[in-house]
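Encoded as structure tokens, the structure appears first; notes follow it.
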Amino acid sequence: MKKNFVEELRWRGMLAQIMPGTEEYLNTHMVSAYLGTDPTADSLHIGHLCGIMMLRHLQRCGHKPYLLVGGATGMIGDPSGKSQERNLLDSDTLYHNQEAIKRQVAKFLDFDSTEPNKAELVNNYDWMKDFTFLDFARQVGKHITVNYMMAKDSVQKRLNGEARDGLSFTEFTYQLLQGYDFLYQYQHYGVRLQLGGNDQWGNMTTGTELIRRTLGNETEAYCLTCPLITKADGKKFGKTESGNIWLDPQRTTPYAFYQFWLNVSDDDAERYIKIFTDLDKDTIDALVAEHRQDPGRRSLQKRLAEEVTTMVHSAQDLEMAQEATAILFGKGTKDSLRKLDEATLLSIFEGVPQFNLSRDLLGQPAVDLFTRDDVKVFASKGEMRKLVQGGGVSLNKEKLAAFDRVVTEEDLIAGKYLLVQRGKKNYYLVTVR
């Protein structure tokens, strides 16, 4: 027996609103369902993950997922929860972004299966680019009244002054464009269900209304939303001081990605492990119970970080992230330090004091290099001698046995870095140029 998709979302805390009849329809049909995503960047971030996990569960429950890349609507802007319009992108950039997004989502969905429920990727630019304004007015505009559109919360918020510049006509028509996406896929791909975040409910129900008014009351079109994920303190999920947590390792290193999940609060970890992993209910209940007995071990956060990092990146990236974490907290070795790529190394030691050293100074004793005015790791040579003799100085995670040990090219990590550790917690990164 295939799992009940709605029940799966419900126990995981991934169900916000659902149209009447949706669950019954899903339990009696193999349903094609779509979720839209914005292609204005060539990577998704973790704010997109709940929607992608919905598609993953949908496919695992035997239904057919469609990922709709909003090439056309992405050029316009969506008033739902936004205060400004999006930038217009050219078609080359949109298609580049589409392919990058597909590569990321392919880790979650099976696009290559021979089964009838294999995943599909579509782009609404393909059916909107030749759709004239007259066609749009005749085929879409005449079916939905302005009164109906004005009643939507997303429109009301913009009109009531949340946005400095009000609401443009372009954005006002967004819900019709999104509604037409549903109608087009209903007619051409047999899509019967739209999935999305709860802030999209108004646009999504416009789609079901457009289908009903265009094709008749007997049509079967449904909507289902997931809640907008927030942190326990009510703040926006997935944002840090440095910005979004991206799925692209070039934008957010696997180490920084792993650290994000490792550092969530206990309350958030209990919610997130249901939403962002495939672990079953019994496994999660056991993990939560274990965590509550000894929260200090942070076993729930560790398992959450392991599962999500492996799914988004790889087992090898997880291993590197764990080794990097061990290095930062004093358990790493010289060998584990040398395994790190440059981006991970810089990510770990972001924020520690950093110095530059001219390459032609290599070949000198450590005590001369690390007491220079421009590389002031130690206040004086005497201080460094005393700390080295007490076993309190490490170079590249290896105890410095002699303060006058010569530092050479062979000591460089990734060909240009020296990591000096003073005591247990004080790190200094020296870049040799």
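Here is how the numbers come out for the structure above:
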quantity	calculated
Built amide H within the under 5 Å cut-off of Cys223, gap 5+	Met19, Gln194
Value in Å of the Kirkwood radius, where the chain supplies the Cα pairs that are averaged	24.8 Å
Segment 273-335: trypsin sites (Lys or Arg not before Pro) in DSSP coil with no more than 12 other Cβ atoms inside 10 Å	Lys331
Amide proton proximity set for Tyr417, modelled H, under 5 Å, gap of 5+	Val432
Heavy-atom accessible surface of the chain: percent carbon and sulfur, 1.4 Å	48 percent
Residue pairs, from the table Lys331/Lys416; Lys64/Lys302; Lys157/Lys236; Lys2/Lys118; Lys334/Lys376; Lys334/Lys381, whose Cα atoms sit over 21 Å apart	Lys331/Lys416; Lys64/Lys302; Lys334/Lys376; Lys334/Lys381
Nearest-ten-degree value, helix 299-312 long axis tilted from longest Cα axis of the chain	70 degrees
Between segment 395-433 and segment 299-368, the Cα center-to-center distance that results, in Å	14 Å
For the chain, accessible area per residue (1.4 Å probe, heavy atoms of protein chains only), Å²	47 Å²
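The values are calculated or read from the model by the stated rules, or taken from the named source; none is laboratory data. Values in this document were obtained by computation on a predicted structure and should not be read as measured data. Cβ sites come from the backbone with ideal geometry, for glycine too, and all protein chains shown count toward neighbours. To get the accessible areas, we keep the full protein, side chains included, count just its heavy atoms, and leave off ligands, DNA and RNA. Shrake-Rupley method; radii C 1.70, N 1.55, O 1.52, S 1.80 Å.
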